[in-house]
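Here, each number is a calculation from the coordinates, and none is a lab measurement. This is a predicted model, so every value here is computed, not measured.
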Amino acid sequence: MSVTANETETKYDAPPGVAMPQLDGLPQVAGTSGPQEHKLEADYYDTGDLRLIRAGITLRRRRGGDDAGWHLKLPAGASSRTEIRLPLGRGGPRVPGDLAGLVRVHTRGEPLRPIARLTTVRQVLVLLGEDGDPLAEVAVDDVRAQTLGATTTVSRWDEVEVELVNGD
């Protein structure tokens, strides 16, 4: 069964080894929860000529963290995307038919295959409002990536991601 959600997030480049900032003094933030560490591994899928990426679409199979599974992210505005999630299931690394069907207009018959693997160590801090509800999640990511295919390129970077939960 799929889960659909709208996601509003912004990513920022960060220097290597960046630490989680102190954020509990921000306006509307009554407290924080965490940070909690997650180890994530995700394979990203596209056509050989990267039709999904060019359309602003992300299709990945993630293991680890609180949201392991298949994630299809479709553009929905400036910093927003519609995310459709499916559980990992028994199909292994084969793209689920439901998700492949949703991007068929972009793939136009080209097969979907793994094009990159990202391994991330993520520190997540949740910003809480006066009522204790989460306003936003701030993640500090240490990312290692490699392309998959005839040649392999390896890269590494750090980033900070802020995703709205119930806040503005």
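State, to one decimal in nm², a quarter of the convex hull surface area for the C-alpha atoms of segment 1-54, i.e. the direction-averaged projected area.
Result: a mean projected hull area of 7.5 nm².
Kirkwood hydrodynamic radius for the chain: how many Å is it when counted over pairs of different Cα atoms? Don't skip to the answer; put the middle values down first.
Numbers: mean 1/r = 0.0581 Å⁻¹.
It is 17.2 Å.
Using alpha-carbon pairs under 8 Å, 6+ residues apart, how would you state the relative contact order of segment 72-168 in percent? Each step should come with its number before you reach the end.
Numbers: 126 pairs, mean separation 18.7, N = 97.
Normalised by residue count, the contact order of segment 72-168 is 19 percent.
Per the helix-only calculation at 222 nm, which mean residue ellipticity applies to the chain, given -39500 (n - 2.57) for every DSSP H run of n ≥ 4 and division by its residues, nearest 500 deg cm²/dmol? All intermediate terms of the calculation are to be shown ahead of the outcome.
Numbers: 3 runs with 14 residues, N = 168.
Value at 222 nm, helices only: -1500 deg cm²/dmol.
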